[in-house]
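These notes concern the structure reproduced below.
The values are calculated or read from the model by the stated rules, or taken from the named source; none is laboratory data. Note that this is a predicted model, so its numbers are computed, not measured. Ideal geometry is used to build each Cβ from the backbone, glycine not excepted, and the neighbour counts take in all protein chains shown. Note: accessible area is taken over every heavy atom of the protein model, side chains too, but ligands, DNA and RNA are not part of it. Shrake-Rupley method; radii C 1.70, N 1.55, O 1.52, S 1.80 Å.
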Amino acid sequence: MNPIATFSFPVKTIVGPGTLRLLSRELSQIGVRKPLVVTDRGLLSTSAYRYLREHLVAAAVPFQVFPGVHPNPGESDVDGAAAAYRTASCDGVIGFGGGSALDVAKAVRLKLKKPDLQLISFNAKDDWSCLAPCVCVPTTSGTGSEVGRTSVITIEATGRKTGIFHPCLLADLVFLDAEVTRDLPPRLTAATGIDALTHCIESFTSPVYQPYCDGIALEGVAMVVRWLPVAIDNSGDLDARTQMSVAAAMGAVAFQKDLGAAHSMAHPLSTQRGIHHGTANALCLPTVMRFNIRGRPGTYRRVGEAAGLNLAGLSPEDADRQTIEFLEQFIQRSGISGGLKGAGVTKDHIDRLADEAFLDACHHTNPVPVTREAFVQLFVAAL
């Protein structure tokens with residue numbers, strides 16, 4: 001592929017290794033003179049952060065850093081970023097990190113516009129125009145939050161992950177620079193990659209009519225199957241890293257259709273049991289797929305074909321079965337196995353997990369309706 005590509009779908013996105021060298025020019029074009037870099041503390045010691053810092057310093061761009069983002073960020077993370085922005089008199093935001101940092105970077109602009117806002121009472125009908133400019137630089141290839149209109153924040157009053165949605169949350173600019181994902185360790189590369197795969201599969205099988213997203217989702221499946229093993233085996237393969245960054249963004253574009261039951265299971269597994277979101281998806285996806293085909297045979301034929309399987313002439317049931325077996329093996333070959341039990345989940349946790357999963361909105365667009373009792377059975381099966 002060409003070293004640099006630029007497209008605007010759904011936001012201007014600059015793709016390719018080394019593209020952060022264009023950051024200062026792009027900041028100037030959107031009127032940002034002093035950005036707040038929103039990130040997590042663990043990234044400050046990495047070569048990825050040094051790479052970002054070097055580009056800002058070399059271009060004489062003054063900036064402030066807020067490194068207070070936690071995994072599964074809460075309202076206090078957003079409040080802290082807003083306070084840092086005001087104290088340093090910043091005029092724009094750079095989200096730098098995984099989905100948590102990007103979600104906080106997008107959401108902090110709501111607090112900057114309305115300082116007294118409580119996210120639990122966010123009203124999408126209010127005027128949210130003219131938010132502070134935002135640039136997203138993902139350091140993982142999974143969530144796709146960089147191209148999303150939603151910030152997932154844990155509301156402290158409820159303890160639940162909540163999607164704050166508004167079109168104005170869309171970033172102004174995205175950099176997909178594989179240099180910042182080069183040092184991602186294999187297990188995290190795998191977990192984030194399977195997260196992107198889950199986005200593509202669940203969005204495609206959602207019953208919502210959105211054929212644009214369906215096409216993107218299927219191509220995303222093909223890209224993850226092709227490039228994730230390469231990125232896991234060779235962290236320095238920048239072509240594979242770039243392709244995975246694009247596939248992750250495609251998955252997020254696709255899930256404008258919404259998602260499914262695997263995500264409803266993964267969310268409480270993260271908030272209650274501390275399991276990485278991508279890992280939780282990987283451990284739940286095959287179980288959910290098996291549940292879905294009992295109520296809707298043939299759901300996964302086109303997913304399997306996108307993954308490269310020859311399913312011609314097979315019955316809907318056999319096509320589903322082969323697709324699920326392939327993807328289960330793909331996940332295991334990526335290094336994620338052992339079920340939820342291996343991640344520390346026991347039967348004692350399941351009632352509470354099922355309660356929270358049932359309250360999660362993602363399963364409302366699952367291809368087969370899911371009851372609270374069905375979630376109990378799914379968690380047991382995923383152990």
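Results, tabulated for the structure shown:
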quantity	calculated
Helices (runs of 4 or more DSSP H) contained in segment 321-383 and holding at least 3 residues modelled with pLDDT of 95 or more and open to solvent by 40 Å² or more (accessible area, probe 1.4 Å)	350-359, 372-382
Filter pass, VAL174 being assigned to a strand (DSSP E or B) and either under 16 Å from VAL69 (Cβ atoms) or of a type outside the set (A, V, I, L, M, F, W, C) (or both)	no
Lone unmet requirement of (1) in contact (Cβ under 8 Å) with a residue 24 or more places away in the chain; (2) within 20 Å of ARG296 (Cβ to Cβ) for ALA343	(2)
Looking only at segment 11-20, and only at residues there that are open to solvent by 10 Å² or more (accessible area, probe 1.4 Å) and under 11 Å from GLU179 (Cα atoms), the one that is nearest to the chain's Cα centre (by Cα)	PRO17
Count of residues meeting criterion [open to solvent by 40 Å² or more (accessible area, probe 1.4 Å) and either under 21 Å from HIS363 (Cα atoms) or among the aliphatic types (A, V, I, L, M) (or both)] in segment 310-320	2
Strands (runs of 3 or more DSSP E) within segment 30-134 that include 1 or more residues within 22 Å of the chain's Cα centre (by Cα) and touching a residue at least 40 places away in the same chain (Cβ under 8 Å)	35-38, 92-97
Selection within segment 258-275 - at negative phi and surrounded by fewer than 23 Cβ atoms within 10 Å (Cβ to Cβ)	SER270, THR271, GLN272, ARG273, ILE275
Members of segment 81-131 that are aliphatic (A, V, I, L, M) and open to solvent by less than 10 Å² (accessible area, probe 1.4 Å)	ALA81, ALA82, VAL93, ILE94, ALA101, LEU102, VAL104, ALA105, ALA107, VAL108, LEU110, LEU119
